[in-house]
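Below is one structure, written out as structure tokens; comments come after it.
Please treat every number below as a calculation from the coordinates, not as lab data. Note that the structure is a prediction, hence the values are computed from the model and not measured. Cβ atoms come from the backbone with ideal geometry, glycine included; neighbour counts cover every protein chain shown.
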Amino acid sequence: MEFPAAPARRGLVPWLGLLLAGPASVPTLLASNTTVTENEDAVVMTCYTDEIFITWLFNATSLQLKERMKLSRNRRTLTINPVRREDAGNYQCKVSNPVSSTESAPVELYVKY
Ligand SMILES: *[C@@H]1O[C@H](CO)[C@@H](O)[C@H](O)[C@H]1NC(C)=O
Ligand SMILES: *[C@@H]1O[C@H](CO)[C@@H](O)[C@H](O)[C@H]1NC(C)=O
């Protein structure tokens, strides 16, 4: 890929930054525990990534946050406290940058009741 000669005008510098950013790398999602008991246990899931824009998926669709769920301010940590049977399924975090977006491998949560 060929970059145009860097223009002297300041307004274009951020665009050069975008061009130099690579595609987002695949985030890693880890859970504190994947086999938990309904109404007893909490689960903490952490998305390891350098990207700033993070969203969460549950069973491959956008996660709807319930009252029992809390996202950290930087959106990297999801806490479910307590877990309920309807929380069982596959969780992923998805990260994006201006070049691309990519998802973690799914983490399957089992809820005993
Ligand atoms: C995960 O939760 C289960 C069910 O409550 C518990 O028995 C088990 O000890 C926990 N495992 C870990 C690693 O915390
Ligand atoms: C999510 O997926 C799990 C595992 O396939 C399934 O058991 C569960 O019913 C699904 N939950 C919802 C709300 O779709």
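Extending 7 Å from the Cα toward the beta-carbon at both Thr35 and Tyr48 defines two label points whose distance is 2.3 nm.
With the Cα gyration tensor of the range 23-112 giving a ≥ b ≥ c as the square roots of its eigenvalues, does the rule (a/c under 1.5 for rounded; else a/b larger than b/c for prolate; else oblate) give rounded, prolate or oblate? Note, shape of the range 23-112 comes out prolate. In sequence order, the range 36-43 has phi-based couplings of 10, 9, 4, 6, 10, 9, 10, 10 Hz under the Karplus curve 6.51 cos²θ - 1.76 cosθ + 1.60, θ = phi - 60°, and Gly or Pro positions carry x.
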